[in-house]
Amino acid sequence: MRVRLKGEVFCTFVLLIALCTLLYALLRPTQQTSPVTPKKSKVSLPTVKPKTFLESEDSPSESKLLSEVYNAQQTSEEVKPSPTSALTVPPFDFQQYLRNKDYRNFTLLINQPNKCHQPPGESFLLIAVKSIVEDFDRRESVRKTWGRESVINGAKVRRVFLLGTPRNKTAVSMWESLLQQESHYYKDILLWDFLDTFFNLTLKEIHFLSWAEEYCSNVKFVFKGDADVFVNVENLIHFLQSQDPSEDLFVGDIINNAKPIRSRKSKYYIPETMYGLGMYPAYAGGGGFLMSGVTMKKLSKSCNEVELFPIDDVFLGMCLQRINLTPVLHAGFKTFGITKPSAAPHLETFDPCFYRDLMVVHSLKAAEIWLMWNLLHSQQPPCSQRQRIKKPFHWKRKKAKLPIKAVTRVMDKN
């Protein structure tokens, strides 16, 4: 009996040793390769995204579009798994951009060929607003406020919105049919067949200039801006009516001596391999600027001769430099918002008094644009009571003593 028990214990012990050896053999390669796996994922992350983006597109023309690695990096920054991983992911795939930057001709899916040729009269000002498919509320706010198509002080104003295709077509359900209906109703939508991303705004710039040269060659002046700006169109027209439309004009919030940003964390990061100079040419803040029809035609031609640049504002500055035109700074363009005056820090920046004499104010919500426009166009607009008082105020003299003296003189005569 004892021999039998000893045999069973021995067999159990041998099986246990064999099981431990097998587990050790299985776990040993995992422990050796586990510290290497995260490093491989960090290196492969920038290259996997462009492949997924290019393979997901069916059209050969769309396969030449810019990469969406920058948008993927924005999502990864919101999660923030670790400080080191945020540094390893570049904000934009510049190699992919450089390979595809020469593809600049995309199909116009929705056109408004009669926008500037509708009777009566010649178009004085064309308003072009950058927008995206999802922002219907912002477009509607512009249509009902400062972007109305009307005649202001004898000047005919026209309006168009500049759009590309949405990045995530599945997230915007029925976007094509909805946009077609919006275009049919308002007749102000221009849609091109390129993805509407931050680095594709340069494509939107050159395609609009080409469209305006072809379909709005008779327009005298052009205002181009964002959908989140408030524009005092009356002030724009008052300023433009004193300008010669046959001469060059480019006015806005001009930025001089701006240096390229070399920090990889920045949205506007540009490596030295792409732009080696230490200073950008003078350019206008993208919130909004004015130009004459003559300048618009010159810029359309010069943009075809300048290599595409990821930042559209700077790219337009390069085109201005190409035609030897210096942009003009105007104090009425506040493309970086309104700052409180040091002499009156108690005042609120969202005050109609600040907007009365300005032309363009950037970074406003749709509801704020609506409210500000209605306040300035009400029957009794704020800040206007001071202008109505032409003479200084004086207390009126009392005239009650005159009749009393007259009565006493009559009584003395009697």
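Things to note:
- For Thr295, the conditions (1) more than 28 Å from Val151 (Cβ to Cβ); (2) outside any loop (DSSP other than H, G, I, E, B) all hold with the exception of (1).
- Restricting the first member to the range 275-300 and to residues that are without any contact (Cβ under 8 Å) to a residue 60 or more places away in the chain, and the second to residues that are of a type in the set (D, E, K, R) and assigned to a strand (DSSP E or B), the beta-carbon pairs closer than 7 Å and six or more apart or on different chains are Ala284/Asp253.
- Selection of the range 222-245 for residues being in contact with a strand residue (DSSP E or B) (Cβ under 6 Å, 6 or more places away or on another chain) and either assigned to a loop (DSSP other than H, G, I, E, B) or closer than 14 Å to Met296 by Cα (or both) yields Val222, Phe223, Lys224, Ala227, Val229, Pro245.
- Some residue of the range 251-274 being closer than 30 Å to Ala367 by Cα and of a type in the set (S, T, N, Q): yes
- When every residue of the range 190-197 is checked against the conditions, at least one turns out to be among the aromatic types (Phe, Trp, Tyr) and more than 25 Å from Phe239 (Cβ to Cβ).
- Test: residue in the range 127-147 that is among the hydrophobic types (A, V, I, L, M, F, W, C) and more than 20 Å from the chain's Cα centre (by Cα): no
- Just one of the listed residues (Ile261, Ile206, Ile270) is in contact (Cβ under 8 Å) with a residue 24 or more places away in the chain, touching a strand residue (DSSP E or B) at 6+ places or on another chain (Cβ under 7 Å) and of a type outside the set (Ser, Thr, Tyr), namely Ile270.
- Any chance Leu325 is assigned to a loop (DSSP other than H, G, I, E, B), more than 26 Å from Arg99 (Cβ to Cβ) and modelled with pLDDT of 95 or more: yes
To keep it simple, each residue is scored yes or no on (1) of a type in the set (Gly, Ala, Ser); (2) touching a Leu at 6+ places or on another chain (Cβ under 7 Å).
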position: Val133; (1), (2): no, yes
position: Glu140; (1), (2): no, no
position: Thr145; (1), (2): no, no
position: Ser150; (1), (2): yes, no
position: Lys156; (1), (2): no, no
position: Leu162; (1), (2): no, yes
position: Asn168; (1), (2): no, no
position: Trp175; (1), (2): no, no
position: Leu178; (1), (2): no, no
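- Residue match in the range 85-96 (condition: hydroxyl-bearing (Ser, Thr, Tyr) and modelled with pLDDT of 75 or more): no
- Test for Gly293: is it at pLDDT 95 or above, in contact with a Phe, Trp or Tyr (Cβ under 7 Å, 6 or more places away or on another chain) and in the same structural domain as Gln241 (by TED's automatic domain parsing): yes
- Scanning the range 247-281 for residues that are within 20 Å of the chain's Cα centre (by Cα), farther than 30 Å from Arg99 by Cβ and of a type in the set (A, V, I, L, M) gives Val251, Ile254.
- Residues of the range 189-221 that turn out to be assigned to a helix (DSSP H, G or I) and under 23 Å from Leu249 (Cα atoms), as a count: 15
- Leading residue by the ranking (modelled with the highest pLDDT) among those in the range 150-170 that are assigned to a loop (DSSP other than H, G, I, E, B) and buried (at least 17 other Cβ atoms within 10 Å of the Cβ): Pro166
- Qualifying residue in the range 213-221 (condition: of a type in the set (Asp, Glu) and farther than 25 Å from Val314 by Cα): no
- Failed item, numbered, when Tyr186 is tested on (1) in contact with a Lys or Arg (Cβ under 7 Å, 6 or more places away or on another chain); (2) within 28 Å of Leu371 (Cβ to Cβ); (3) among the hydroxyl-bearing types (Ser, Thr, Tyr); (4) in contact (Cβ under 8 Å) with a residue 60 or more places away in the chain: (4)
- Matching residues, the range 246-267, being surrounded by fewer than 15 Cβ atoms within 10 Å (Cβ to Cβ) and outside any strand (DSSP E or B): Ser246, Glu247, Asn256, Asn257, Lys259, Arg262, Ser263, Lys265, Ser266, Lys267
- Selection from the range 171-187 of residues that are of a type in the set (Ser, Thr, Tyr) and modelled with pLDDT of 95 or more: Ser183, Tyr185, Tyr186
The values are calculated or read from the model by the stated rules, or taken from the named source; none is laboratory data. None of the values given here were measured: they were computed from a predicted structure. Positions of Cβ are generated from backbone atoms using ideal geometry, with glycine treated the same way; all protein chains shown enter the neighbour counts.
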